[in-house]
């Protein structure tokens, strides 16, 4: 399960950017063509964040659909796997979206004194 290593890296990156402050929420974008299972990331997140500034944080995962452009006719095609065929019959497609793995937002708790 490579999602464990990916989740550990996400936790490390967010921890570094939080600068010791408590993290309340994280928004991830995961492409549907990325071969990363959102449910596995969620499961690993709960484990990897124990005893960190991310403990108890909400993980919101937004799945990004696959989208490609045909090299022959220029049409855009929605993909549910990393390959496909255009209406014009071409299989030469350039992926536009769907392979993402981005930390889109980090919400950090502000302490008012």
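None of the figures in this text is laboratory data; all of them are computed from the coordinates on show. Predicted, not measured: the structure shown is a model, and the values here were computed from it. Every residue, glycine as well, gets a Cβ built from its backbone with ideal geometry; the counts of neighbours run over all protein chains shown.
Observations on the model:
- By DSSP, the beta bridges lying fully in the chain are antiparallel in about 70 percent of cases.
- Calculated [θ] (222 nm, deg cm²/dmol) that DSSP helices of n ≥ 4 give over the chain, each run adding -39,500 (n - 2.57): -7500 deg cm²/dmol
- Pair residue 13, residue 87: separation of 7 Å Cα→Cβ label points (nm): 3.6
- Above 26 Å, the calculated P(r) of the chain contains 34 percent of its Cα-Cα pairs.
- Principal-axis analysis of the Cα atoms of the chain puts helix 38-48 at an angle of about 20° to the longest axis.
- Computed from the alpha carbon positions, the gyration tensor of segment 7-66 leads to an equivalent ellipsoid with semi-axes of 21, 11, 9 Å, biggest first.
- Segment 44-108 pair-distance distribution - Cα-Cα, 10 Å bins, rounded %: 20, 32, 18, 18, 11, 1
- When 87, 21 are arranged by Cβ crowding within 10 Å, least crowded first, meaning fewest neighbours, the order is 87, 21.
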